[in-house]
1. So what's the convex hull volume per residue for the Cα atoms of the range 64-112, in Å³?
2. E58 to K25: extension gain in nm, 0.36 nm per residue of separation minus the Cα-Cα distance?
3. Subtracting the Cα-Cα distance from 0.36 nm times the residue separation, let me have the gained length for K43 to L80 in nm, one decimal.
4. Counting Lys and Arg as +1 and Asp and Glu as -1, what is the net charge of the other residues whose Cβ lies under 13 Å from the Cβ of G65?
5. Return the distance in nm (one decimal) between the two label points of a simple spin-label model at D94 and K69, each offset 7 Å from Cα along Cα→Cβ.
6. Over the range 23-112, calculate the relative contact order: mean separation of alpha carbon pairs under 8 Å at least 6 apart, over the residue count, as a percent.
Amino acid sequence: MNISKFLSILILFSSLSSLNGCKPKIPRIGILIHDYDSDRWVKDKNYIVENLTKQGAEFLVETAGNDQKKQIEQARNMILNGAQVLIVVPVNKDEASKIVEMLPPDTIVHLI
């Protein structure tokens with residue numbers, strides 16, 4: 001994993017503390033991956049899930065099979081199921097803005 005990606009994930013984990021406020025709360029994190037078309041995304045997903053587990057987070061993982069409409073629907077479902085953070089490897093970076101637009105104001109999104 002390159003240093004900029006590692007720093008991005010570190011910043012993401014640090015931002016989770018802002019979700020907790022005064023009461024300890026287990027963050028629910030959604031991971032949306034465009035497709036497992038290379039070993040890289042499988043390795044990255046495993047790395048992120050391993051670290052989320054160590055942090056005590058709950059997580060949801062979905063892959064869209066390179067289908068943008070499916071990825072947007074997966075994001076909507078994750079939000080409805082209480083995801084406070086979305087990590088998105090978008091099918092199409094321009095279309096991923098639709099995911100950002102539907103987020104509640106207190107949801108954190110990280111596009112990779």
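Just so you know, all these numbers are worked out from the coordinates, no wet-lab data involved. Note that this is a predicted model, so its numbers are computed, not measured. Positions of Cβ are generated from backbone atoms using ideal geometry, with glycine treated the same way; all protein chains shown enter the neighbour counts.
1. Numbers: hull volume 3.1 nm³, N = 49.
In the range 64-112, the Cα hull volume divided by residue count equals 63 Å³.
2. On the way: separation 33, 0.36 × 33 = 11.88 nm, distance 1.04 nm.
Fully extending the segment from E58 to K25 adds 10.8 nm.
3. Numbers: separation 37, 0.36 × 37 = 13.32 nm, distance 2.73 nm.
Separation in residues times 0.36 nm, less the Cα-Cα distance, equals 10.6 nm.
4. On the way: positive: K69, K70; negative: D35, D37, E62, D67, E73.
With Lys, Arg at +1 and Asp, Glu at -1, the net is -3.
5. With each label point 7 Å from Cα toward Cβ, the separation is 1.8 nm.
6. On the way: 136 pairs, mean separation 32.6, N = 90.
Once divided by the residue count of the range 23-112, the mean separation gives 36 percent.
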